[in-house]
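Reviewing the structure listed below.
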Amino acid sequence: MNIADVILILFIGFGLIIGLLRKWWRLLIGLVVFSIVICAYLYLGPVDYFSNFIRYDLLNWLVENNFMQPIVINLEEQFGVTLRIETVQEAFLLLQNFDIDPKTIVATADVFCKMIAIIIGLPVIILASFIISTVLYWLILRWIMPKILRKGIIPMLFGGVLGAVGYGIIGLIIICSVYSPVYGLEKNIINPLLDSNSELYKAVVNLFGSGSLDNVTSMLNTVSGYIKNLNPIADSSFLCKPLINLLDSMGLDPFYIISTTSNDGEKMSFIETFDNFLKDVSNAVIEKSGSVAGA
């Protein structure tokens, strides 16, 4: 059992308690409303609208409303130019200067902004779902549902089962969303930096000196250990992994909650996109180190 399993068990336990307290009919309407609202947010346009605002307009809005200063990078001495970054996508596209594939950069900017839009929108969705489900219950279900279905041990037990399942699925989606970026970080950055024989380790030492790595090695080891224990599809997971495989076989892979579509029509999950992005960043650092050494 790893950390991902423990977190999932906590979600299931919390759902069980909530279900026992609220009973099945109140919990059912709450989960149905939440599912409808979150699906509408994800698939009917709102998340794309807000992610595009974050991607193209957020930085200018923050500057215009005095929440931040304009982002200006002075490279006059090195390249004779001064860069002004006005969008999140422009910040990502600067990495083209390191020969990173623009397709990878644009796809990563897309899923990154979608992730931010979901993080910002989720508390609003939870609050809206709670209000809507409560109103529907008091206006409709409470008056038409027979007392035998509302009171007693049976409604409580049904509520507990429903809560455990519903909150378990929500927990699994959250675990996969959190693990998606750290998977690529561990695979392409942390593990190579902990291996003195890796090309990335040699490149960083060549560019910045061995002291720059010695100062963070202990922290990287700790972070790597946590990430390995957070892996929901590791062999050490006895609960998350089989559930993810089951959902995947049903066409409901939770890793694809945050995804993008490439120019050739291929759908890519956040975990795949960010992994490819960090792989290109790592290769760019290695190539830059080689050019510095050659000079």
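Regarding Ile227, is this residue under 24 Å from Val6 (Cβ atoms), within 17 Å of the chain's Cα centre (by Cα) and in a helix (DSSP H, G or I)?
So Ile227 passes the test.
Residues being of a type in the set (Gly, Ala, Ser), surrounded by fewer than 20 Cβ atoms within 10 Å (Cβ to Cβ) and touching a residue at least 24 places away in the same chain (Cβ under 8 Å): count how many of those fall in the stretch 178-205.
0
Just name the residue that is nearest to Thr273 (Cα to Cα) out of those in the stretch 242-256 that are of a type outside the set (A, V, I, L, M) and open to solvent by 60 Å² or more (accessible area, probe 1.4 Å).
Tyr256
Within the stretch 3-22, can one find any residue that is of a type outside the set (A, V, I, L, M, F, W, C), open to solvent by less than 70 Å² (accessible area, probe 1.4 Å) and in contact with a Pro (Cβ under 9 Å, 6 or more places away or on another chain)?
Yes: one or more hits.
Sort through Ala109, Ala128 and tell me the only one that's within 23 Å of the chain's Cα centre (by Cα), over 18 Å from Asp275 (Cβ atoms), in a helix (DSSP H, G or I) and small (Gly, Ala, Ser).
Ala128
Please work out which residue is modelled with the lowest pLDDT, limiting yourself to the stretch 257-271 and to residues that are open to solvent by 70 Å² or more (accessible area, probe 1.4 Å) and outside any loop (DSSP other than H, G, I, E, B).
Filtering first and then ranking leaves Thr261.
Do you know which residues across the stretch 219-248 are closer than 22 Å to Tyr167 by Cβ and among the hydroxyl-bearing types (Ser, Thr, Tyr)?
Ser237
I'd like to verify a number: residues in the stretch 230-240 that are farther than 23 Å from Leu194 by Cα and part of a helix (DSSP H, G or I), how many?
Total meeting the criteria: 1.
The values are calculated or read from the model by the stated rules, or taken from the named source; none is laboratory data. No experiment lies behind these values; they were computed from the predicted model shown. Don't worry about glycine lacking a Cβ; one is built from the backbone with ideal geometry, like all the others, and counts go over all protein chains shown. Just the protein is used for accessible areas: all its heavy atoms, side chains included, with ligands, DNA and RNA removed. Shrake-Rupley method; radii C 1.70, N 1.55, O 1.52, S 1.80 Å.
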